[in-house]
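The block underneath contains the structure these notes are about, expressed in structure tokens.
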Amino acid sequence: MELLTYQGVVYPAQCDAMGHMNVQYYIAAFDQASWHLVAAAGYCPSWIEERREGWADRRYEIDFRRELPVGSLFEIRSGIVRIGNTSLTARHRLTSKADGGLCAELLAVTVYFDLAARQSRALPEAILRGAAEHMI
């Protein structure tokens, strides 16, 4: 099931010399969407301090389909496409609120991470169950 994970507007300071949203702001929006998706899957942000467990992005594959000029309203809908032993693969679709057109799509592999040991660790059972609810 896809989930609404982010909504935004393109500000002038987010645009490049060609007048549309710069790549760094797509990445920032996708990153925020990712946090909402893993939270919906059962991850609690307090685990960063309490358990020293978090996430490490392993791979991003982005398709830019259409430009977003200043003032564009957009949203991101996200879902899980694969559940691994230590990772989740998610698809994030950024669309224009004006007409629903696809502007960018990200396929992201994110690894569950032991922040103290600096290595991957098995996904907790709660996240495995929650991620299965958001499979697309």
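Cβ-Cβ contacts under 9 Å between residues 6 or more apart (or on different chains), taken from a first residue in region 107-136 that is surrounded by fewer than 19 Cβ atoms within 10 Å (Cβ to Cβ) and of a type in the set (D, E, K, R) to a second residue that is part of a helix (DSSP H, G or I) and at pLDDT 95 or above, are listed as Glu133/Ala40.
Please determine whether any residue of region 74-84 is over 21 Å from Ile136 (Cβ atoms), among the aromatic types (Phe, Trp, Tyr) and touching a strand residue (DSSP E or B) at 6+ places or on another chain (Cβ under 6 Å).
Scanning region 74-84, I find no residue that is over 21 Å from Ile136 (Cβ atoms), among the aromatic types (Phe, Trp, Tyr) and touching a strand residue (DSSP E or B) at 6+ places or on another chain (Cβ under 6 Å), so the answer is no.
Would region 30-44 turn up any residue that is free of Cβ contacts under 8 Å to residues at least 40 places away in the same chain and of a type in the set (Asp, Glu)? Yes, some residue in region 30-44 is free of Cβ contacts under 8 Å to residues at least 40 places away in the same chain and of a type in the set (Asp, Glu).
Is it the case that Gly71 is out of contact with any strand residue (DSSP E or B) (no Cβ under 6 Å at 6 or more places or on another chain) and at positive phi? Taking the combined requirement at face value, the residue satisfies it.
Taking the numbered list (1) under 18 Å from Ala122 (Cα atoms); (2) within 12 Å of the chain's Cα centre (by Cα); (3) surrounded by 15 or more Cβ atoms within 10 Å (Cβ to Cβ); (4) among the aliphatic types (A, V, I, L, M) in turn, Ala39 passes all entries but (3). For the list (1) at pLDDT 95 or above; (2) of a type outside the set (Val, Ile, Thr); (3) within 30 Å of Arg121 (Cβ to Cβ); (4) surrounded by 14 or more Cβ atoms within 10 Å (Cβ to Cβ), I need the number of the one condition that Ser46 fails. Against the list (1) at pLDDT 95 or above; (2) of a type outside the set (Val, Ile, Thr); (3) within 30 Å of Arg121 (Cβ to Cβ); (4) surrounded by 14 or more Cβ atoms within 10 Å (Cβ to Cβ), Ser46 comes up short only on (4).
The set of residues in region 83-104 that are open to solvent by less than 30 Å² (accessible area, probe 1.4 Å), in contact (Cβ under 8 Å) with a residue 40 or more places away in the chain and of a type outside the set (Gly, Ala, Ser) comprises Leu88, His92, Leu94.
Please verify whether Gly79 is buried (at least 18 other Cβ atoms within 10 Å of the Cβ) and either modelled with pLDDT of 95 or more or under 17 Å from the mean Cα position of the chain (by Cα) (or both), treating the condition exactly as stated. Against the criterion (buried (at least 18 other Cβ atoms within 10 Å of the Cβ) and either modelled with pLDDT of 95 or more or under 17 Å from the mean Cα position of the chain (by Cα) (or both)), Gly79 qualifies.
Restricting attention to region 53-74, does a residue exist that is in a loop (DSSP other than H, G, I, E, B), among the β-branched types (Val, Ile, Thr), within 24 Å of Asp99 (Cα to Cα) and open to solvent by less than 30 Å² (accessible area, probe 1.4 Å)? Full working, then the answer.
Going through region 53-74, the residues in a loop (DSSP other than H, G, I, E, B) turn out to be 65-68, 70-72.
Next cut, among the β-branched types (Val, Ile, Thr) only: 70.
Checking the rest, the ones that are also within 24 Å of Asp99 (Cα to Cα) come to 70.
Applying the additional criterion that residues be open to solvent by less than 30 Å² (accessible area, probe 1.4 Å) yields none.
Looking through region 53-74, none of the residues is in a loop (DSSP other than H, G, I, E, B), among the β-branched types (Val, Ile, Thr), within 24 Å of Asp99 (Cα to Cα) and open to solvent by less than 30 Å² (accessible area, probe 1.4 Å).
The values are calculated or read from the model by the stated rules, or taken from the named source; none is laboratory data. It should be emphasised that the depicted structure is a prediction, and the values quoted were computed from it without experimental measurement. Because the Cβ atoms are built from the backbone with ideal geometry, glycine has one as well, and the counts that use them run over all protein chains shown. Heads up: the accessible areas ignore ligands, DNA and RNA and are worked out on the full protein's heavy atoms, side chains in. Shrake-Rupley method; radii C 1.70, N 1.55, O 1.52, S 1.80 Å.
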